[in-house]
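The values are calculated or read from the model by the stated rules, or taken from the named source; none is laboratory data. Computed from a predicted structure; not experimentally measured. Positions of Cβ are backbone-derived with ideal geometry, glycine not excepted, and every protein chain shown enters the neighbour counts.
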Amino acid sequence: MRKSNCLDRYLRIFLDIKIYKLMQRFFIISAFILAGLIGAGLLILQKENDPKESSTPKEINPVSEAINVPPAKIDSTHTIEDRFLAYTIKSNNKNLHLFWKDDSGNILKNFNNLKKFVESKNEKLVFAMNGGMFQEDYSPLGLYIEKGRQISKLNTRNSSNGNFYLKPNGVFCLTKDNKAEIIPTEKFVVSENIQYATQSGPMLLINGEFHKAFKSASTNLNIRNGVGVKSNGEIVFVLSKVPVNFYEFAKYFKEQGCSNALFLDGFVSRAYLPSQNWTNEDGNFGVMIGVTEKMD
């Protein structure tokens, strides 16, 4: 009887230890799961508050902004000249044009084709840059006017997807009397006085103020290109040579004296500027902006 009691006591001790260890493991695992859930929640909140290269809209497919690239690290070792390529031109320069198709109706798509096209007219390409977001068939996503003819209409659609729809977006236009303007979409009116126009978004600067969605500490970095207009009428075209966030990109335009500026595109952005030894040969686009001059 005494032996049986002793066995019972040892058995209870063994079971108590076993249960204790199981409970200990349960609490440790629960703590890890809880910590993971809290971390995931904080990450989601951070992403929701950070303007980003959003996914492609289902109804309209702006392939130019649909390419997802991993976030890059901010590199503060570059000088301003290392970070941005800029080209400034007076708005009354009659050699500034927007291009999309050649005379046969073929979409030009890239700088090489554009060079051949202008050379066929005894002109030389001095500067070129992709000129706004486009769809899968390389057609403009928004308004496009070329030589006074409206080719695609103003896009006033509301959507939560894509940088184009990060309101306010806007229109870069040149009038027939060679005046350059960047106007928010909701204030833009199509008129017979418009010689060229391309719509994109978001606006980078609105009357000297940053777009309200931009944050200086944003980690959403990308190659970007855009256009700005100074108060004296000069036009500034900019391509970031390294990935930058929207705030930093808009800040550069502000430092150049621009009161209004418009984002043109992201990852696909390219520029052709041989005078500064910058000639991107790759990439296909929709609308392109170009400056030409007569050949000797």
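Count of the stretch 187-213 residues, restricted to those that are touching a residue at least 40 places away in the same chain (Cβ under 8 Å) and more than 12 Å from the chain's Cα centre (by Cα), is 16. Of the residues making up the stretch 261-278, not one is part of a strand (DSSP E or B) and either without any contact (Cβ under 8 Å) to a residue 40 or more places away in the chain or among the basic types (K, R) (or both).
Could you check the stretch 266-278 and list, in sequence order, the residues that are in contact with a Leu (Cβ under 9 Å, 6 or more places away or on another chain) and among the polar types (S, T, N, Q)? Lay out the reasoning, then the answer.
Start the filter on the stretch 266-278 by keeping residues that are in contact with a Leu (Cβ under 9 Å, 6 or more places away or on another chain), which leaves 269-274, 276, 278.
Scanning the stretch 266-278 gives S269, Q276.
Consider the stretch 105-125. How many of its residues are in a helix (DSSP H, G or I) and either basic (K, R) or in contact with a Ser or Thr (Cβ under 9 Å, 6 or more places away or on another chain) (or both)? Give the derivation first.
Restricting attention to the stretch 105-125, the residues satisfying the condition of being in a helix (DSSP H, G or I) are 111-119.
Filter once more, keeping what is either basic (K, R) or in contact with a Ser or Thr (Cβ under 9 Å, 6 or more places away or on another chain) (or both): 111, 115-116, 118.
Looking only at that region, the number is 4.
Of all the listed residues (N110, N130), the sole one being touching an Asp or Glu at 6+ places or on another chain (Cβ under 6 Å) and either within 28 Å of T185 (Cα to Cα) or of a type in the set (A, V, I, L, M) (or both) is N130. Residues in the stretch 201-247 that are over 18 Å from N163 (Cα atoms) and touching a strand residue (DSSP E or B) at 6+ places or on another chain (Cβ under 8 Å): how many? Count: 11.
Scanning the stretch 279-296 for residues that are touching a Leu at 6+ places or on another chain (Cβ under 9 Å), in a loop (DSSP other than H, G, I, E, B) and not polar (S, T, N, Q) yields a count of 3.
Those residues that are basic (K, R), farther than 28 Å from V244 by Cα and either modelled with pLDDT of 95 or more or touching a His at 6+ places or on another chain (Cβ under 7 Å) (or both), I need them from the stretch 82-129; list them, please. If the condition is that a residue be basic (K, R), farther than 28 Å from V244 by Cα and either modelled with pLDDT of 95 or more or touching a His at 6+ places or on another chain (Cβ under 7 Å) (or both), then K101, K115, K116, K121, K124 are the ones that fit. Tallying residues that are polar (S, T, N, Q), crowded, with 17+ Cβ neighbours inside 10 Å and over 23 Å from the mean Cα position of the chain (by Cα) within the stretch 99-143 yields 0. Contact map, the stretch 104-123: first residue under 16 Å from S139 (Cα atoms), second residue part of a helix (DSSP H, G or I), Cβ cut-off under 7 Å, separation 6 or more or different chains; pairs are L108/L114; L108/F117.
Within the stretch 184-211, restricting attention to residues that are aliphatic (A, V, I, L, M) and touching a Pro at 6+ places or on another chain (Cβ under 8 Å), which residue is nearest to L141 (Cα to Cα)? Out of the qualifying residues, it is M203.
Scanning the stretch 82-112 for residues that are within 21 Å of V229 (Cβ to Cβ) and among the β-branched types (V, I, T) yields T88, I89.
The stretch 146-260 holds strands (runs of 3 or more DSSP E) entirely within its bounds, and those carrying 3 or more residues that are under 19 Å from K94 (Cα atoms) map to 170-175, 180-184, 194-200, 225-230, 235-240.
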